[in-house]
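The values are calculated or read from the model by the stated rules, or taken from the named source; none is laboratory data. Just so it is clear, the model here is predicted, and its values are computed rather than measured. So basically every Cβ, Gly included, is an ideal-geometry build from the backbone, and we count neighbours across all protein chains shown.
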Amino acid sequence: MRRPYAFLRAHAAKLGLLAVLSWPLAATFYAGAAQNTENRHLAPAPALPSSWSAFLALPAQTDAWINDHFGMRAALVALNNHLRFAAFREFPSIQMAAGRNGRLFLAAHGTNVEPYSAATAVCGGKVSASPGTTAYFNQLFADVARMGFQPKLLIVPSAPVVYSGDMPAWLTPRCAASQTAVTGVLNDPALSPAARAGIFYPLEEARRLAGSEDMFPKTWFHWAGPALGEMARLSLEHFWGPLPTPGAPLPTKSTWMLSDVNFLFPGVELSSLIVQPDLDAAHIAACYGPQCFPEFAAMQAAPQDVSRFHNPAAPPRRLLIISDSFGSKVSAWYARYYGEVEQVATNSFEHMSDADLALVRQRLFRDAPHTDLLLLYHDGGAVYNTLKFGMQRLHQQAPAVLAQH
């Protein structure tokens, strides 16, 4: 008579394989679907077929759902990403790519666009701004002037054109060029005199100021670093002339911070040493986040990327910064020169109701005689419709008498 363990010994490999394969299956039913950390839409559960064609599609739909939802998928995806990056410096998404000298860069703004399009769009070569950009800039400056303000637009050169030597070799010549999609707009004869005088694109200044990580940390998409203090000063002097004697330069502090693109790839954790103004040491009151503007709290699409600063030692004047996501990274550096700095990103403006947008407009565009208005967008956002889609409803629907209130 065969002993029970003889059967186990004879089939140990099979039973072990079955256990390994059953573990994720058991986790699926015990813990449910894993949280989606992959920066994409996971396959939905298949519906009961109501037609012959739906029945034929059911196996593929079921297979896709199982692939996306089996237990432990999130851990396995993260492990795969970690190993690929550690061994080959390779990312699981076309959105990120490794350059030279340890620099990583955002290669695409989505997963359904051309690889490296985020770089080729802002670098030199045969690229041009979105159709109608010049006409929109003309309208923007005219509309905001009608509201009682003299707008200034700072177009921030992004990392590919500032650190062109760190780009992949085939992109370096294009990114080192002085002619870009932004300069194409600035050189357009159709650009109005008001817009031309009110736009600053400090490409050469940024290249001069950029040390190894002084303007863009090697693992970040957004700008951050000590050079931002000088960029703030240069932009103010370019737009408004010599500044009143400011206080002492802002003290700084350095903090290791996770990369702003970490959410794109679970399992790869990047960080950089970030130099920021030490606002506590400078006795500047700072606020970041939606709580800075409680009057917007009830809005369905309330601005989230906002910041505010109060500097009692600076001249009693207000700087209003309307921006893309680059604004909150630099806004604190402007607090050296203004008693009040308010920064609001426009990424939710496109989805606001007319009533909510009217409240935002009334709140931001107040006290024109004592306010300087700075629009701040990175090069890709400025000439590829991020600025337009965020701002156009704000100024097109504004009454001309707004600045009187």
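If you scan the stretch 304-319, which residues turn out to be under 20 Å from the mean Cα position of the chain (by Cα) and either in a strand (DSSP E or B) or under 23 Å from Q150 (Cβ atoms) (or both)? Full working, then the answer.
We begin by selecting, within the stretch 304-319, every residue under 20 Å from the mean Cα position of the chain (by Cα); these are 304-308.
Matches in the stretch 304-319: V306, S307, R308.
Checking S53 against (1) of a type in the set (S, T, Y); (2) part of a helix (DSSP H, G or I); (3) assigned by TED's automatic domain parsing to the domain that holds R393, which test does it fail?
For S53, the exception is condition (3).
When you go through (1) surrounded by 13 or more Cβ atoms within 10 Å (Cβ to Cβ); (2) of a type outside the set (A, V, I, L, M, F, W, C); (3) farther than 20 Å from R361 by Cα one by one for T255, which number turns out not to apply?
(1)
Given the conditions (1) in contact with an Asp or Glu (Cβ under 9 Å, 6 or more places away or on another chain); (2) surrounded by 21 or more Cβ atoms within 10 Å (Cβ to Cβ), which single one is not true for E342?
(1)
I'd like to verify a number: residues in the stretch 83-129 that are of a type in the set (F, W, Y) and part of a loop (DSSP other than H, G, I, E, B), how many? First the steps, then the outcome.
Residues of the stretch 83-129 of a type in the set (F, W, Y): 85, 88, 91, 105, 116.
Within this subset, residues satisfying the condition of being part of a loop (DSSP other than H, G, I, E, B) are 91, 116.
Residues that pass the stated criteria total 2.
Within the stretch 177-185, is even one residue touching a strand residue (DSSP E or B) at 6+ places or on another chain (Cβ under 6 Å), assigned by TED's automatic domain parsing to the domain that holds D260, surrounded by 19 or more Cβ atoms within 10 Å (Cβ to Cβ) and not in a loop (DSSP other than H, G, I, E, B)? Quick ask: steps written out before the conclusion?
Within the stretch 177-185, the first condition is being touching a strand residue (DSSP E or B) at 6+ places or on another chain (Cβ under 6 Å), and the residues that meet it are 182.
Narrowing further to those that are assigned by TED's automatic domain parsing to the domain that holds D260: 182.
The next check asks that each one be surrounded by 19 or more Cβ atoms within 10 Å (Cβ to Cβ); those that pass are 182.
Subset that is not in a loop (DSSP other than H, G, I, E, B): 182.
Yes, the stretch 177-185 has at least one match.
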